[in-house]
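The values are calculated or read from the model by the stated rules, or taken from the named source; none is laboratory data. These figures come from a predicted structure and were not determined experimentally. Positions of Cβ are backbone-derived with ideal geometry, glycine not excepted, and every protein chain shown enters the neighbour counts.
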Amino acid sequence: MKYLPIVIGIAACLAVGELSSLLQSDALQSWYPQLDKSVLTPPGVVFAVVWVLLYILMGVSIGLVWKRKAPDYKMVTGLFVGQLVLNFFWSVVFFFFHSPWAGMMVITGLLALLLYYAWRAYPHNKVSSYLFFPYILWVAFAWYLNFHVALHN
């Protein structure tokens, strides 16, 4: 059961992602296509593929922290859970409630929490921290896309 923490981490992240996608599916068909979006907005299939990969990287990251169980791993786990909650909440706020400005508040907090998690995870396992870099970059890009939608709609 050497890899159980990683498997649990990946499964939890993918489950949150699946729940998010269920909540945003109606908006993706009716509301979102009508918005004025940035020319840099990728096609929908890119979002789906990227998020699956990011959820896997996130799950591996927290699994590596759990395996090491350094003295403050519970605090790092709390940061991880917090960012996962904000990740989910952003989808609810932006897509389900059609609120780009509230989404800006959530995604700004999410980005800050991701940076803090990566910093705090580094002493536990450098790889764990590095696995969050693609996620941080993607959320920074999503921040820009969210900001564009908020400004132009």
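Every listed requirement among (1) surrounded by 14 or more Cβ atoms within 10 Å (Cβ to Cβ); (2) closer than 27 Å to residue 80 by Cα is met by residue 2 save one, (1).
Which members of the stretch 5-49 meet the condition of being hydroxyl-bearing (Ser, Thr, Tyr), assigned to a helix (DSSP H, G or I) and surrounded by 15 or more Cβ atoms within 10 Å (Cβ to Cβ)?
Going residue by residue through the stretch 5-49, those that are hydroxyl-bearing (Ser, Thr, Tyr) are 20-21, 25, 30, 32, 38, 41.
Okay, now just the ones that are also assigned to a helix (DSSP H, G or I), so 20-21, 25, 30, 32.
Answer for the stretch 5-49, where residues must be hydroxyl-bearing (Ser, Thr, Tyr), assigned to a helix (DSSP H, G or I) and surrounded by 15 or more Cβ atoms within 10 Å (Cβ to Cβ): 20, 21, 32.
The residue that is nearest to the chain's Cα centre (by Cα), counting only those in the stretch 54-72 that are modelled with pLDDT under 95, surrounded by fewer than 19 Cβ atoms within 10 Å (Cβ to Cβ) and not basic (Lys, Arg), is 72.
Against the definition (within 24 Å of residue 44 (Cβ to Cβ), of a type outside the set (A, V, I, L, M) and not in a helix (DSSP H, G or I)), how does residue 98 come out, yes or no?
Details: within 24 Å of residue 44 (Cβ to Cβ): yes; of a type outside the set (A, V, I, L, M): yes; not in a helix (DSSP H, G or I): yes.
In short, yes.
Of all the listed residues (132, 88), the sole one being touching a residue at least 40 places away in the same chain (Cβ under 8 Å), in contact with a helix residue (DSSP H, G or I) (Cβ under 8 Å, 6 or more places away or on another chain) and surrounded by 19 or more Cβ atoms within 10 Å (Cβ to Cβ) is 132. Scan the stretch 107-142 for residues that are within 16 Å of residue 84 (Cα to Cα), in a helix (DSSP H, G or I) and among the aromatic types (Phe, Trp, Tyr) and the total you get is 5.
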